[in-house]
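Worksheet: the structure to be examined is printed underneath.
The values are calculated or read from the model by the stated rules, or taken from the named source; none is laboratory data. The shown structure was predicted, so the numbers you read here are calculated from the model rather than taken from an experiment. Quick reminder, even Gly has a Cβ in these numbers, built from the backbone with ideal geometry, and neighbours come from all protein chains shown. Side chains are part of the model used for accessible areas, which takes the heavy atoms of the whole protein and leaves out ligands, DNA and RNA. Shrake-Rupley method; radii C 1.70, N 1.55, O 1.52, S 1.80 Å.
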Amino acid sequence: KRQPATRAAEAADTLAAFLTALHRPAPDAAPAGRDRGGPLAGYAEGFAQQLASATELGLIPDPDAVRAVWEDAAAAPDWTGPALWLHGDLHPANVLTADGTFCGVVDFGDLFAGDPACDLAAPWILLPDGAAARFHRAYHPAPDAATLRRARGWAVLRALACILIGDAGDHGRPGGKPTWGPPAHAALRRLIATAR
């Protein structure tokens with residue numbers, strides 16, 4: 001089922017085990033991500049547009065706090081390790097749950113190689129409040145501070161996109177999915193809290 005994870009510890013450990021297994025060095029011929037997995041600097045314009053749109057719609061109570069998370073992430077050093085295999089599209093519609101924890105991941109259509117920070121946005125997007133720290137302790141190798149900063153930037157991008165898709169669903173606009181809004185708003189609240 002596509003339901004939120006409610007058993008925080010089990011979900012954090014399961015997500016960490018999945019990404020630890022997936023994040024292996026990819027061969028040189030592996031595809032690069034379409035609009036994902038590269039340096040965050042290339043996404044600044046998209047971030048600004050999404051934040052402006054969501055703010056104009058009255059969906060973002062504190063745009064300055066969202067901007068602060070993004071600016072910190074964008075200022076973090078770029079990934080210098082090997083390009084790793086990434087799922088690239090971890091959000092609530094692509095994760096299956098049973099008994100309050102994760103039991104499957106779907107939609108590997110964008111599998112590509114890049115900066116693991118792109119996938120390491122997932123704890124803020126998918127886990128209940130307070131579970132991201134447990135994920136980061138369980139994921140190996142432990143992400144460094146710069147990778148976590150970039151991951152928060154990816155999580156902000158994902159949350160803003162899902163907030164806009166959720167709002168479109170609330171108002172019957174094409175491509176909208178009303179169930180996407182609430183978890184994305186929760187993710188944004190968690191991300192802002194990590195920056196304070």
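With the condition kept exactly as written, say whether any residue in the range 25-35 is within 15 Å of the chain's Cα centre (by Cα) and at pLDDT below 95.
Start the filter on the range 25-35 by keeping residues that are within 15 Å of the chain's Cα centre (by Cα), which leaves 33, 35.
This time we only want the ones that are at pLDDT below 95, so: 33, 35.
Yes, there is a match, as at least one residue in the range 25-35 is within 15 Å of the chain's Cα centre (by Cα) and at pLDDT below 95.
Confirm whether Ala98 is small (Gly, Ala, Ser) and closer than 15 Å to Ile192 by Cα.
Numbers: small (Gly, Ala, Ser): yes; closer than 15 Å to Ile192 by Cα: no.
Against the criterion (small (Gly, Ala, Ser) and closer than 15 Å to Ile192 by Cα), Ala98 does not qualify.
Name the helices (runs of 4 or more DSSP H) wholly within the range 1-94 that hold at least 3 residues that are free of Cβ contacts under 8 Å to residues at least 40 places away in the same chain?
On the way: elements: 8-22, 44-56, 63-75.
The qualifying helices (runs of 4 or more DSSP H) are 44-56, 63-75.
If only one of Ala48, Ala21, Ala16, Ala8 is touching a helix residue (DSSP H, G or I) at 6+ places or on another chain (Cβ under 8 Å) and surrounded by fewer than 19 Cβ atoms within 10 Å (Cβ to Cβ), which one is it?
Numbers: Ala48 fails: touching a helix residue (DSSP H, G or I) at 6+ places or on another chain (Cβ under 8 Å); Ala21 fails: touching a helix residue (DSSP H, G or I) at 6+ places or on another chain (Cβ under 8 Å); Ala16 fails: surrounded by fewer than 19 Cβ atoms within 10 Å (Cβ to Cβ).
Matching residue, one of Ala48, Ala21, Ala16, Ala8: Ala8.
Restricting to the range 107-121, name every residue that is assigned to a loop (DSSP other than H, G, I, E, B) and either out of contact with any Lys or Arg (no Cβ under 9 Å at 6 or more places or on another chain) or polar (S, T, N, Q) (or both).
Filtering the range 107-121 down to residues assigned to a loop (DSSP other than H, G, I, E, B) leaves 107-111, 115.
Correct list: Asp107, Phe108, Gly109, Leu111.
In this structure, is Asp144 out of contact with any Cys (no Cβ under 6 Å at 6 or more places or on another chain), open to solvent by 10 Å² or more (accessible area, probe 1.4 Å) and either free of Cβ contacts under 8 Å to residues at least 24 places away in the same chain or at positive phi (or both)? Explain how you work it out, then say what you get.
Values: out of contact with any Cys (no Cβ under 6 Å at 6 or more places or on another chain): yes; open to solvent by 10 Å² or more (accessible area, probe 1.4 Å): yes; either free of Cβ contacts under 8 Å to residues at least 24 places away in the same chain or at positive phi (or both): yes.
Yes.
Of all the residues that make up the range 71-89, how many are touching a helix residue (DSSP H, G or I) at 6+ places or on another chain (Cβ under 6 Å), open to solvent by 40 Å² or more (accessible area, probe 1.4 Å) and within 18 Å of His23 (Cβ to Cβ)?
So the answer is 1.
When you scan the range 25-45, how many residues do you find that are open to solvent by 70 Å² or more (accessible area, probe 1.4 Å), of a type in the set (A, V, I, L, M, F, W, C) and more than 19 Å from Ala74 (Cβ to Cβ)?
2
Scan Arg158, Arg190, Arg149 and give me the residue that is open to solvent by 50 Å² or more (accessible area, probe 1.4 Å), outside any loop (DSSP other than H, G, I, E, B) and in contact (Cβ under 8 Å) with a residue 40 or more places away in the chain.
Numbers: Arg158 fails: open to solvent by 50 Å² or more (accessible area, probe 1.4 Å); Arg190 fails: open to solvent by 50 Å² or more (accessible area, probe 1.4 Å).
None of the others qualify; the one that does is Arg149.
Restricting the first residue to the range 168-187 and requiring it to be touching a residue at least 40 places away in the same chain (Cβ under 8 Å), which pairs with a second residue that is assigned to a loop (DSSP other than H, G, I, E, B) meet a Cβ separation below 7 Å and a spacing of at least six or different chains?
If the second residue must be assigned to a loop (DSSP other than H, G, I, E, B), the pairs left are Pro183/Pro4.
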